[in-house]
Amino acid sequence: MALVITNGEYYVVPNKKGGINKTNDITEAQVFSNVNTAAEKLKKHKGYLKEYYVWDTEGETMQPKRIRIKRKHFSQEVRKLLYQQAEGKCALCGKKITFDEMELDHIIPISMGGADEVENLQVCCMPDNRYKANILPTDFFNRISDIFLYQMDKKYKDDIRWKYCRGMIMELL
Ligand SMILES: [Zn+2]
């Protein structure tokens with residue numbers, strides 16, 4: 001395996017200061033033989049290496065392939081602490097959940113540059129975690145609002161109380 005980190009145009013090359021630079025000459029590119037080492041480097045410099053991925057230059061298809069960065073496994077203690085802080089409630093729907101039902105959601109998804117750290121985690125129920133998937137909190141809010149309005153419109157479209165409420169809600173959104 002000959003792995004390089006690239007965005008399809010530039011390649012990562014080590015510099016003398018122990019950091020990294022970018023080059024468009026593939027012969028200068030740093031070659032990794034281990035996926036995890038390359039993924040770690042990518043993660044360490046993920047600000048500088050946005051849009052970069054690990055590419056196996058000896059891969060059969062010669063197509064860049066994205067490699068999943070291994071996620072941290074948070075300890076039971078960390079999970080318990082987060083559960084306590086959340087008072088056992090899902091951060092998205094507010095429903096009480098048991099410790100066993102709890103899932104941890106990355107507030108800013110890892111796929112969008114969010115950190116795999118405790119500060120970026122929130123307690124979530126399983127259906128909401130599946131539903132939120134890889135979207136930002138603001139996009140989630142907008143989507144839920146759209147769904148709410150659409151469903152209420154469908155159900156109460158001729159109800160004057162809903163028309164009144166809708167007007168007030170629209171002022172907030
Ligand atoms: Zn929930």
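No lab work stands behind these numbers, since they all come straight from the coordinates. Only a predicted model underlies this, so the values are computations on that prediction, with no experimental measurement involved. Neighbour counts run over all protein chains shown; Cβ positions are idealised from the backbone, glycine included.
Structure data summary
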quantity	calculated
Computed label-point distance, nm, for sites Ala115 and Tyr131 using a 7 Å Cα→Cβ extension	2.9 nm
Rounded FRET efficiency, nearest 0.05, which uses the C-beta distance separating Met1 from Cys93 and R0 of 30 Å	0.10
Computed [θ] at 222 nm, deg cm²/dmol, the chain (DSSP H ≥ 4; -39,500 (n - 2.57); rounded to nearest 500)	-11000 deg cm²/dmol
FRET E, pair Asp159, Gln85, Förster distance 41 Å, beta-carbon r, rounded to 0.05	0.55
Cα-Cα over 32 Å, subset of Lys50/Lys96; Lys95/Lys163; Lys22/Lys80; Lys41/Lys95; Lys72/Lys132	Lys50/Lys96; Lys22/Lys80; Lys41/Lys95
Under the Debye formula (equal points on every Cα, no solvent term), log10 I(q)/I(0) of the range 95-173 at q = 0.28 Å⁻¹	-1.25
Listed residues Ile97, Ile26, Ile147, most fluctuating in the chain (Gaussian network, C-alpha, under 10 Å)	Ile147
Distant alpha-carbon pairs in the range 1-128 (separation over 20 angstrom), percent	54 percent
Cα Rg, Dmax, the range 72-135, angstrom units	11.0, 30
Using alpha-carbon coordinates, inclination of helix 76-85 to the longest axis of the chain, degrees	40 degrees
